[in-house]
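The numbers here are math on the coordinates, done by the rules we state, and not lab data. Just so it is clear, the model here is predicted, and its values are computed rather than measured. Because the Cβ atoms are built from the backbone with ideal geometry, glycine has one as well, and the counts that use them run over all protein chains shown.
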Amino acid sequence: MIQASGLRKQYGTTVALDGVDLHVREGEIYGVLGQSGAGKSTLLRCVNLLERPTAGTVTVAGQDLTALGDRDLNRARQRIGMIHQHFALLSSRTVAGNVAFPLEIMGVPRAERERRVGELLELVGLDGRGKDRPHQLSGGQKQRVGIARALAGNPSVLLSDEATSALDPATTQSILALLKRLNTELGLTILLITHEMNVVKSVCDSVAIMAAGRIEESGAIADLIRTPGSRLTREIFPLPEPAPAGSVTLTFTGDPRQPVVSEVVRKFDVDLSILGGSIEDLSGGSVGRLRVALDGAEAPAALAYLRESGLIVEEAP
Amino acid sequence: MTWDEMLPLLWPATVETAQMVGWSTLFTVLLGLPLGVALVVFDRDGLRPLPAFKSGLGFVVNVGRSLPFIVLMIAIIPFTRLVVGTTIGTAAFVVPLTVGAVPFFARLVETALREVGTDVVQAAQAMGASRTAIVRKVLLPEALPGLVAGLTVTVVALIGYSAMAGTLGGGGLGDLAVRYGYQRFETLLMIVTVVLLLVIVQLLQSLGDWVARRLSHK
């Protein structure tokens with residue numbers, strides 16, 4: 001749905017994007033995770049060409065945006081929704097007026113506009129608030145207006161620029177739940193950037209980890225979790241790094257209650273001590289990560305058994 | 001001087017001042033608003049960056065701003081004659097008043113438009129709004145309270161300028177104050193004129209503040 005290749009962006013001598021490739025599949029929620037200054041905001045703004053990349057191409061829904069002239073680019077942008085960290089609502093307009101704004105730009109007739117605005121406000125849970133002014137709303141409600149506005153043109157893609165970063169944790173969760181619902185119900189493809197791992201954990205199907213203008217790691221979260229030594233796994237699970245010598249780190253996906261650990265102790269002549277671990281709920285299911293020390297003559301056989309049972313076994317040297 | 005003697009002088013003078021200020025305000029808005037928009041739109045990081053053109057415009061505006069009004073008024077007499085055919089009378093002074101106020105108002109428009117957050121402008125760009133739509137539907141409505149405040153300041157300045165215009169044959173309250181208050185030592189009329197101007201300015205300022213407040217939804 002979104003395909004960016006070889007993106008570079010330079011401001012003078014500062015390189016904000018240093019050869020970024022991004023592939024977002026239709027219907028997925030794709031998170032770009034990184035600290036401020038990593039280039040993720042520039043990347044997002046290159047997707048709808050708010051920033052024109054110094055080199056590289058951006059294709060959204062099969063259309064190469066970098067090749068379009070002003071008029072066609074504006075038309076393409078009407079099919080790409082965007083929400084913003086500080087909401088970017090017009091204070092001169094009511095809530096309904098804000099949602100109607102993109103429809104006016106598209107030349108939708110008044111009656112049709114009013115009907116659509118009603119639908120959109122209901123969709124985001126703000127029915128009846130149309131006549132309010134943005135300053136009368138809470139942060140979470142403002143972002144809901146932002147989302148309604150972004151969806152006005154029936155976009156196939158929604159870009160989210162740190163949309164929950166200005167919100168408190170409970171409101172963040174409710175906005176994320178709304179995004180997830182829109183993703184499932186409308187089949188909306190969402191590309192979001194964030195510096196919060198929590199956002200990635202709660203809603204994302206895929207993730208790209210960015211640092212210093214480059215993507216360090218990317219892919220489906222379920223795959224990355226199964227990749228030994230992946231940055232994502234290390235960042236999600238707060239186990240001390242590097243792993244102490246002789247320790248073994250087990251990652252298990254699926255039902256967290258499968259009793260493999262007790263089985264190993266029963267079947268093999270080993271002593272097992274747990275050094276640390278946790279279970280995280282990701283959008284695709286729960287994932288556990290356990291660091292243990294295995295001692296005893298049958299330790300190698302026990303490890304082989306764990307691998308056979310589908311666990312990812314990482315042995316520290 | 002009695003009230004009966006003063007009223008026939010005060011009323012026409014007030015009307016002349018109102019005419020000079022009213023017409024020049026109208027033309028100032030018609031010319032200064034687009035000029036102020038141009039200063040923002042063609043700026044280096046504006047919607048349509050044309051830095052060289054914007055520098056040119058800025059230079060012209062600064063020239064207009066740096067000339068004292070009384071000098072400007074005399075300097076553009078040939079231009080005034082070209083436009084209205086005469087250089088005396090209330091109508092003639094609408095020209096220098098407008099020429100003097102346009103750059104002033106344009107700068108205030110520029111400032112008000114710059115107050116509009118870049119985030120809302122970029123949000124509109126992300127929605128595929130054309131530059132014209134952004135000016136008409138985002139910049140101007142969002143800046144409206146600031147524009148009204150700027151207009152109020154401009155009108156008050158125009159009342160001040162119009163008093164100077166009075167001394168060169170434009171009529172109005174300034175002319176009255178000079179001819180009777182200064183040249184004939186009619187102290188009472190001088191005081192009445194001063195009070196009248198004060199009241200007019202206060203009323204206009206309060207009206208402007210009230211409208212700006214009503215329009216602001218921050």
*List every residue whose amide H lies under 5 Å from the amide H of A:GLU216, counting only residues 5 or more places away in sequence or on a different chain, with H placed 1.01 Å from N in the peptide plane.*
A:ILE209, A:MET210, A:ALA211
*asked:* Could you tell me which residue out of A:VAL15, A:PRO244, A:VAL200 lies farthest along the dipole of chain A toward its positive end? Charges go on the beta carbon: Lys and Arg +1, Asp and Glu -1, centred on the Cα centre.
replied: A:VAL15
_Rounded to 5, the percent of DSSP beta bridges in the stretch A:2-220 classed as antiparallel_ = 50 percent
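Once every DSSP H run of n ≥ 4 in the protein assembly as shown is given -39500 (n - 2.57) and the sum is divided by its residues, what mean residue ellipticity at 222 nm do you get, rounded to the nearest 500 deg cm²/dmol?
On the way: 20 runs with 273 residues, N = 535.
That calculation yields -16500 deg cm²/dmol at 222 nm.
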_Check which residues have an amide H placed less than 5 Å from A:LEU311's amide H, if you skip close sequence neighbours._
none
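How high is the FRET efficiency from A:GLU235 to A:THR54, r the C-beta distance, R0 30 Å, rounded to 0.05? If you can, show how the numbers build up before the last one.
Working: r = 30 Å, r/R0 = 0.99.
Taking R0 as 30 Å, the efficiency between A:GLU235 and A:THR54 is 0.50.
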*asked:* Could you work out the pair-distance distribution P(r) of the stretch A:60-139 from its alpha-carbon pairs, with 5 angstrom bin width and percents rounded to whole numbers?
replied: 3, 13, 20, 22, 18, 12, 8, 4, 0
*A:ALA16 long-range amide H proximity, modeled H, under 5 Å*: A:LYS9, A:GLN10, A:TYR11
*Shielding by partners - mean other protein chain Cβ count within 10 Å, residues of A:97-106*: 3
*Would you please give the FRET efficiency between A:GLU263 and B:ARG48, computed as 1/(1 + (r/R0)^6) with r the Cβ-Cβ distance and R0 = 56 Å, to the nearest 0.05?*
0.20
*Report the label-to-label distance for B:ILE77 and B:TRP3 in nanometres (one decimal), using points 7 Å from each Cα along the Cα→Cβ vector.*
4.2 nm
*the protein assembly as shown: antiparallel DSSP beta bridges as a percent of all, rounded to 5*: 70 percent
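Take every DSSP beta bridge whose two residues both sit in the stretch A:136-257, then give the antiparallel share in percent to the nearest 5.
Numbers: 6 of 11 bridges.
Taking every DSSP beta bridge within the stretch A:136-257, about 55 percent pair in antiparallel fashion.
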_Inter-part distance where the stretch A:151-217 and the stretch A:231-262 are each reduced to a Cα centre, Å_ = 26 Å
*asked:* Run through the stretch A:208-317 and list the trypsin sites (Lys or Arg not before Pro) located in a DSSP loop whose Cβ has at most 15 other Cβ atoms within 10 Å.
replied: A:ARG257
*P(r) for chain B: what percent of alpha-carbon pairs falls in each 5 Å bin, starting at zero?*
1, 7, 13, 16, 16, 14, 12, 9, 6, 4, 2, 1, 0, 0
*Could you compute the FRET efficiency for A:ARG226 and A:GLN10, with r as their C-beta to C-beta distance and R0 at 51 Å, rounded to 0.05?*
0.90
*Could you tally the net charge around A:LEU250, taking each other residue with its Cβ under 9 Å from the Cβ of A:LEU250, Lys/Arg +1 and Asp/Glu -1?*
+1
*Considering only B:LEU82, A:PRO228, B:ASN62, whose Cα is most displaced toward the positive end of the charge dipole of the protein assembly as shown, charges sitting on Cβ of Lys, Arg (+1) and Asp, Glu (-1)?*
B:LEU82
*Which distance in nm do the two modelled labels at A:GLU104 and A:HIS23 give, with both placed 7 Å along the Cα-to-Cβ direction?*
4.2 nm
*Tally Lys and Arg at +1 and Asp and Glu at -1 over the other residues with C-beta under 14 Å from the C-beta of A:GLU51: what net charge comes out?*
+4
*Any idea what diffusion coefficient the protein assembly as shown gets from Stokes-Einstein, in µm²/s, Kirkwood Rh on alpha carbon pairs, 10 °C, 1.306 mPa s?*
56 µm²/s
*Mind checking A:85-95 for the average number of partner chain beta-carbons within 10 Å of each residue's beta-carbon?*
5
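Just add up the charged neighbours of B:GLU110: K/R +1, D/E -1, any other residue whose Cβ is under 13 Å from the Cβ of B:GLU110. The partial results should precede the final answer.
Values: positive: B:LYS54, B:ARG65, B:ARG107, B:ARG114; negative: B:ASP43, B:GLU115.
Result for the local shell: +2.
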*On a 0 to 90 degree scale, rounded to 10, what angle separates helix A:110-123 from the longest Cα axis of chain A?*
20 degrees
*asked:* Can you give me the C-alpha center-to-center distance between the stretch B:160-186 and the stretch B:1-77, rounded to a whole angstrom?
replied: 20 Å
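Pick out, in residue order, every one of the trypsin sites (Lys or Arg not before Pro) in the stretch A:24-80 that is DSSP loop and has at most 15 other C-beta atoms within 10 Å; say none if there are none.
Values: sites: A:ARG25, A:LYS40, A:ARG45, A:ARG71, A:ARG75, A:ARG77, A:ARG79; in loops: A:ARG25, A:ARG79.
Qualifying residues, ordered by number: A:ARG25.
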*What angle do you read, to the nearest 10 degrees and between 0 and 90, between the alpha-carbon axis of helix B:187-215 and the longest principal axis of chain B?*
20 degrees
*Which value in nm describes the separation of the simple spin-label points at A:ARG214 and A:LEU186, placed 7 Å from the Cα toward the beta carbon?*
3.7 nm
